[in-house]
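Novice: Can you keep this structure in mind? I'll have questions shortly.
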Amino acid sequence: MAFAVNQVAAYASKLKVFHWTAVKQILRYIAGTTDMTLTYRRQEDATPVELFSAADWANNTEDRKSISGVLLKVYGNAVSWITRRQTVVAKSSTAAEFIAASIGIEEARWVRMLMQTLMDNPLPAIQAHIDKSVHDRPDCEWAELRRSKDH
């Protein structure tokens, strides 16, 4: 949903019928899902802080800027997710992936620092999955997030 809102917001000053239809579809989705909730449970065997990142290299035909995607999990629960257009044009898919990973690591370090402040025991290192390793995990919500980015 965040991706859809972001896309429509880009055309807020010059809204056309197509965009207005998309806005109404987003509002219908919100109205139809008010009874849905997120439930978080600590999974003792899960990694304390786990990061997933990916990028779609130069997929935007207007400016060729890539989109970074980040999912951050704490003890198996998604606590932060980011979809952001990169500020520079990446020269390769590897460069786009590094930019996405950098955004994710910045977020993960902040969350890890907050957790260490609140907890008494030190946390292990952040476990990072950069693009290809994300797709190798069938149990990861990231695959679903990537499929739903256009809705």
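Novice: Using only Cα atoms, figure out Rg for the chain and give it as a multiple of 2.2 N^0.38 Å.
Specialist: After normalising by residue count via 2.2 N^0.38 Å, the value is 1.17.
Novice: Here's a follow-up. Between N60 and A125, 0.36 nm times their residue separation minus their Cα-Cα distance comes to what?
Specialist: Going from the current span to full extension adds 20.0 nm.
Novice: Taking 0.36 nm per residue of separation and subtracting the Cα-Cα distance, what length does fully extending A9 through L118 add?
Specialist: 35.6 nm
Novice: Residue separation times 0.36 nm, minus the C-alpha to C-alpha distance between S102 and T87: what's the value?
Specialist: 4.1 nm
Novice: Whose amide H sits under 5 Å from the amide H of I67, counting only residues 5 or more places off or on another chain, with H placed in the peptide plane?
Specialist: Residues meeting the criterion, in which the H sits 1.01 Å from N, are D56, A58, N59, Q86.
Novice: Please return the longest range in the chain lying between exposed loop sites, taking trypsin sites (Lys or Arg not before Pro), DSSP loop only, at most 13 other beta-carbon atoms within 10 Å, and leaving the sites out.
Specialist: My reading of the result: 92-151 is the longest stretch.
Novice: GNM on the chain, C-alpha springs below 10 Å: top fluctuator among L51, L27, L123?
Specialist: So, out of L51, L27, L123, the one fluctuating most is L27.
Novice: Write out the GluC sites (Glu not before Pro) in the range 29-70 meeting two conditions: DSSP loop, and at most 12 other Cβ atoms within 10 Å of their Cβ.
Specialist: Sparse-neighbourhood loop GluC sites (Glu not before Pro): E44, E62.
Bear in mind these aren't lab numbers, they're just calculated from the coordinates by the rules spelled out. What you see is a predicted model; the values in this text were computed from it and never measured. No Cβ is skipped: glycine too gets one built from the backbone with ideal geometry, and neighbour counts run over all protein chains shown.
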